[in-house]
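A short write-up of the structure that comes next.
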Amino acid sequence: MQIKWNEIESKWRKRWNDTKDFETDPNTKEKKFITVAYPYPNSPQHIGHGRTYTLADVHARFYRMKGFNVLFPMGFHYTGTPILGMAKRVEAKDKEIIENLKNIYGVPEESIKTFVEPVKIADYFHKEIKTGMIEMGYSIDWRREFTTIDPVYSKFIEWQINTLREKKLIIQGSHPVGWCPKDQNPVSQHDTLGDVEPDFTEYILIKFKYENYIIPTATLRPETIFGVVNLWVNPEIIYKKITVDEEKWIVSTECAYKLEFLDKKITYDGEIKGSELIGKSAIVPHRNESIVMLPASFVESGTGTGMVMSVPAHAPFDHQALEDLKKAKIEPKLASLVNKIMPISIIQTEGYGDNPAKEAVERFGVKDQSDPKLEEATKEVYGKEFYGGKLKQNTERFAGIKVAYAKDTIKEWLIENKHADILLELTNTPVRCRCGAECVVKVLNNQWFLNYGDKDWKELATKCFDEMNILPQEIRSEFNYVIGWLRERACARQHGLGTKLPWDKDWIVESLSDSVIYMAYYTISKFVNNGTLKAEKLSKEFFDYIFLDTGDANKVAAITGMSENIINEIKREFQYFYPVDSRHSGRDLVPNHLTFFVLNHVAIFPKSNWPKEIVVNGSVLMNGSKMSKSMGNIIPLRKAIQDYGADPIRLAIIISAELLQDADFNMESVSGIQNKLEALYNECSRLKSEKNDILEAEDRWILSKTQSMVSEVTSSIEKMRLREALHDILFSFESDLSWYMKRVNAKNRENISGILHQINSTRVAMLSPFAPHIAEELWEKLGHSNLVSTSQWPEFSAENVNASAIQSEELLKVLIDDISNILKVTKITPKKITIYTADSFKSKVYHSILEKVMAGQTNMGIVMKELIVNPDTSDVKKIPDFVQKTIKDILSEPTEIRQTKLDSKDFDEKSFLTNELIQLGKKEFGVEIDVFAESDDNIYDPKGKARHARPFKPAILIE
Ligand SMILES: [Zn+2]
């Protein structure tokens, strides 16, 4: 039967809504507080957004069935530039945006018109996203929903920001930030197109003198000033003459523009062609030596100042450019200047002589300055010199210092003597703001910063990360790395929705700073939504009392006008649910949100309320490629639900990848899942719950296998290895079931409905967190009267695992396989098949060897000796070959299997095969099968095969 997904899904959503099972209040059970990063409602959700929320929902549903009191809430992030940026682009009548809204997401035109107002966008998509989440079946407690511009939320953020400031973690000062020149706003990852974090590099500008101008060159290696022998200028570039504060500089146009944002006063005085500078001399600061300016094509106007100082002994580019120039046709006067240039060696590094640049260029076989191999040569020289180099005598007072330590000292010395300045440049250019403008680095004055550079703060956060569970484990090092480089971060903006800085109302708390401890707010938002909490009277004392357990109820009651009882009820709610047990988010939030989440928790809350776990997932691809509007491969989530059903989408996303990998969504896998679920539906519709008292071998086996499935699935979900878990439930278990059916059919049994009912009830229960709607439907078809989503998670029970049933069934399977293989290879049409099992002596020896191996003894000689010494087994002398093969048999199997064999000591192969193989074999191969033990008196053994039999490896004769 074809399943009507939407019909089934809305039926169960209504039931969940009526039963209010996902509304969670404190009770006596153990709690789990599972949260996921709330969405920016600036566009509707597509399939890609569904992944993180689906994973978190599976997690929440799993723990609910495990008996925990699970809180899984949701809010909406109205703050900041993501929504503002969208409003601006609509206002500017950005064609791409408007077309996408209309055509991909089906937003009505009259709604789009209102989108020039940020809050209208947020409200529209808030509703849209929430409906999508409900349609996906997320088990959210909607009573706790909020937006980040709700008045009580603003009070909460004011409290957070004030608390941080009291702890001196919010500071005011001048710091560089990524900046949108059009919006006049700092930008970070969430403000940029393609979600890139603006990253910048600090260059040291060395000031060379030319006439009454300064020619600054940018470098990351200020120590090399001692080895400068010429400057490089690109003759094709037209440079700007500018006044910077009081000085006259010559720099590229791009550099002049960058300097405007770096807290310098810039005026433009004129231009000069690069070619006019060639052959002229410049003065090296500090040693007042004259050097020549030479032409080089590798010099780019967009990098640094558009002029480069040349250190040919240590910079492969400089060495090669000089070599190129020596070969080029240039005027004789310039050529004689070039020929006079001698490299100055200033760094001693093990493995290099006096001219590391030359050595590297020659070794890499560099052809000219456009050769890409120059980059590699440069990397090698810089790396080796930085970590292993020491400055030579000609670096004066710095002689003997390791290069790795020299940089900062020399930088300070140069700046003190006014020989240098600083240039900040974006490293990952171009970075575009969501408004479309290209971003720059700006030094912001009197800006408010979170002092994430603070050492003690970082240490505390590291402690929290060290003690917390991070899934998957391999992402842990990324957090350490982020904590390492993190520095001051602007926490306020001048535009956008959000909460004003309590002490400076010109500023609005930005979106990555007002979204770090809001998980705590879910414990009070319930009281906001039911009208208990009002913004007006909420004060520092209130929040301190609830969240930090300081102050007293009496005083808070007086200030807020609420009763002590209510105040204490709110506090209990927080104390019950906190800390966060699991925080879910996409991998892109590792370097910002997730790290800030930890930093702010450790700053504000006592250790007992620090987060316990972070779960990070990869993104979603569509048919193997990135989803993007320009690719036209974006599927809005709600449309996909309508077309394919929520459960098939949930499963298709989960089954395609483990946590950190990118999930590949495609229609084939959706329809494969639909078929699978339909087959399960048909199966469950047929089964009746019947008691079956007499269990046969295959029943004991399939019930044991069901137990292993329970154990494996449970442990996979605990590690959030959801792909593996789902695969076990839906697919791996199928091969066990089909073997079971083969066995049952061979015996023409009809009394198995009860067993299948029991097995499928277990499967459906375990499927329920993944595919909640269809699982309810299947559960109902199986005749259960409760909801599966609130039923008990199947418990692994060791008593229901029958080791000898597993062992004997494996034996049977292997035997059937072996016979099939022999028939395939020999192409015989069999007339008769005879099976020989090992005798009881071999069995005794086998178990004796198995015990020794399990006790850690794998030395064949010692095992043999011990067997001979024991009178019970001393006869093995006659069959040394058997002992050798048996040890091999045992060692080739995994420990669990050895254990089950050890546990099934009394297993009688002959009687089992006589009972179980004959019927099955007849059905499979169409002939009679006889079974003998090798020591039977009446044995039929014309080919002398029987003596080859070993325990679990019967001998086979096919005629
Ligand atoms: Zn902008």
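The values are calculated or read from the model by the stated rules, or taken from the named source; none is laboratory data. Only a predicted model underlies this, so the values are computations on that prediction, with no experimental measurement involved. Please note: Cβ atoms are built from the backbone with ideal geometry, for glycine as well, and neighbour counts cover all protein chains shown. Just the protein is used for accessible areas: all its heavy atoms, side chains included, with ligands, DNA and RNA removed. Shrake-Rupley method; radii C 1.70, N 1.55, O 1.52, S 1.80 Å.
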> If packing is taken as the mean number of other Cβ atoms within 10 Å per residue, what is the order of 851-859, 811-819, highest first?
Replying inline: 811-819, 851-859
> How big is the shadow of the Cα convex hull of segment 755-884, averaged over all directions, in nm²?
Replying inline: 14.4 nm²
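Rolling a 1.4 Å sphere over the protein heavy atoms, what is the accessible area per residue of segment 204-350, to the nearest Å²? Mind showing how you got there, number by number?
Numbers: 6130 Å² over 147 residues.
Accessible area per residue: 42 Å².
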> Lys/Arg Cβ at +1, Asp/Glu Cβ at -1, dipole of the chain taken about the Cα centre: which of VAL431, SER789, VAL764 is farthest positive-ward?
Replying inline: VAL431
>> Counting just the Cα atoms, what span does segment 211-353 cover along each of its three principal axes? Round to the nearest Å and put the largest first.
In response: 45, 37, 27
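Provide the three semi-axes, in whole Å and in decreasing order, of the ellipsoid equivalent to segment 43-166 as defined by the square roots of 5 times the Cα gyration tensor eigenvalues. Please list the in-between numbers first.
Values: eigenvalues 173, 102, 24 Å².
Rounded to whole Å, the semi-axes are 29, 23, 11.
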>> Whole-Hz ³J(HN,Hα) for each residue in segment 108-123, computed from phi via Karplus 6.51 cos²θ - 1.76 cosθ + 1.60 with θ = phi - 60°, x for glycine and proline: what do you get?
In response: x, 4, 5, 6, 4, 4, 7, 6, 5, 9, x, 5, 5, 4, 4, 4
> Which value in Å is the Kirkwood Rh of segment 814-959 over different Cα pairs?
Replying inline: 16.4 Å
>> Report the Rg/Rh value for the chain, based on alpha-carbon coordinates and the Kirkwood definition of Rh.
In response: 1.09
> For segment 463-590, how many pairs of lysine residues have a Cα-Cα distance under 22 Å, where the two are 8 or more positions apart or belong to different chains?
Replying inline: 17
>> From the phi angles alone, apply the Karplus equation (6.51, -1.76, 1.60; θ = phi - 60°) to segment 873-887 and give each ³J(HN,Hα) in whole Hz, x where the residue is Gly or Pro.
In response: 10, 5, 5, 4, 3, 6, 10, x, 4, 5, 4, 4, 5, 5, 4
>> Please list, in order along segment 643-653, the HN-Hα scalar couplings obtained from phi with the Karplus expression 6.51 cos²θ - 1.76 cosθ + 1.60 (θ = phi - 60°), rounded to whole Hz, x for Gly and Pro.
In response: 7, 10, x, 5, 5, x, 5, 4, 5, 4, 5
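Using only the alpha carbons of segment 556-597, what is the convex hull's orientation-averaged projected area in square nanometres? Walk me through the numbers on the way to the answer.
On the way: hull surface 17.4 nm².
Hull-based average projected area comes out at 4.4 nm².
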> Rg (Å, one decimal) plus Dmax (Å, integer) for the alpha carbons of segment 39-91?
Replying inline: 15.5, 51
> On the first, second and third principal axes, largest extent first, how far apart are the outermost C-alpha atoms of segment 226-306 in Å?
Replying inline: 31, 29, 20
> If you wrap a convex hull around the C-alpha atoms of segment 265-337 and split its volume per residue, what is the figure in Å³?
Replying inline: 141 Å³
>> Binning at 5 angstrom from zero up to the longest distance, how are the C-alpha pair distances of segment 310-417 distributed in percent?
In response: 2, 12, 19, 20, 17, 14, 10, 5, 1
> Cα extents of segment 625-693 along the three principal axes, largest first, in whole Å?
Replying inline: 62, 27, 17
>> Quick check on segment 543-678: of the DSSP beta bridges with both residues there, what percent are antiparallel, nearest 5%?
In response: 20 percent
>> For Cα pairs less than 8 Å apart in space and 6+ apart in sequence, what is the mean separation divided by the residue count of the chain, i.e. the relative contact order in percent?
In response: 14 percent
>> Quick check: Cα centre of segment 89-109 to Cα centre of segment 795-811, how many Å?
In response: 61 Å
>> On alpha carbon coordinates alone, what is the Rg over Rh value for segment 580-653, Rh being the Kirkwood radius?
In response: 1.13
> Percent relative contact order of segment 597-735, based on C-alpha pairs within less than 8 angstrom and at least six residues apart?
Replying inline: 22 percent
>> Given the C-alpha atoms of segment 420-516, compute the convex hull and give its volume per residue in Å³.
In response: 182 Å³
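Rank by packing, highest mean first: peptides 732-745, 289-302, with packing defined as the count of other Cβ atoms within 10 Å averaged across residues.
Values: 732-745: 16.1, 289-302: 18.0.
Order by mean packing, descending: 289-302, 732-745.
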> Semi-axes of the equivalent ellipsoid of segment 325-484: what are they in whole Å, largest first, if each equals the square root of 5 times a C-alpha gyration tensor eigenvalue?
Replying inline: 39, 23, 22
> Using the Kirkwood radius built from alpha carbon pairs, what does the Stokes-Einstein equation give as D for segment 3-62 at 10 °C and 1.306 mPa s, in µm² per second?
Replying inline: 111 µm²/s
>> Over segment 60-192, what is the relative contact order in percent, taking alpha-carbon pairs closer than 8 angstrom and at least six residues apart?
In response: 31 percent
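Which value at 222 nm does the chain reach when only helices count, each DSSP H run of 4 or more adding -39,500 (n - 2.57), with the total divided by all residues and rounded to the nearest 500 deg cm²/dmol? Could you put the intermediate results ahead of the total?
Values: 35 runs with 425 residues, N = 959.
Computed mean residue ellipticity for the chain: -14000 deg cm²/dmol.
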> What Rg and what Dmax come out for segment 544-667 when only alpha-carbon atoms are used, in angstroms?
Replying inline: 21.6, 61
> Quick one: of the DSSP bridges fully inside the chain, what percent are antiparallel, nearest 5?
Replying inline: 70 percent
>> So if I take the centroid of the Cα atoms in segment 347-380 and the same for segment 448-488, what is the distance between those two points in Å?
In response: 37 Å
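Ignoring ligands, DNA and RNA, what percent of the accessible area of the chain is carbon or sulfur (1.4 Å)? Could the numbers behind the result be given before it?
Details: 20220 of 41310 Å².
Summing carbon and sulfur atoms, their accessible area is 49 percent of the total for the chain.
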>> Considering all projection directions equally, how large on average is the shadow of the alpha-carbon convex hull of segment 168-248, in square nanometres?
In response: 9.8 nm²
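Order 33-43, 265-275 from most to least packed using the mean count of other Cβ atoms within 10 Å.
33-43, 265-275
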> Given H placed on each backbone N at 1.01 Å, which residues far from ALA663 in sequence or on other chains put an amide H within less than 5 Å of it?
Replying inline: SER619, VAL620, LEU621
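Based on alpha-carbon atoms only, what is the radius of gyration of segment 646-749 relative to the globular estimate 2.2 N^0.38 Å? Could you put the intermediate results ahead of the total?
Details: Rg = 16.1 Å, N = 104, 2.2 N^0.38 = 12.8 Å.
For segment 646-749, the normalised Cα radius of gyration comes out at 1.25.
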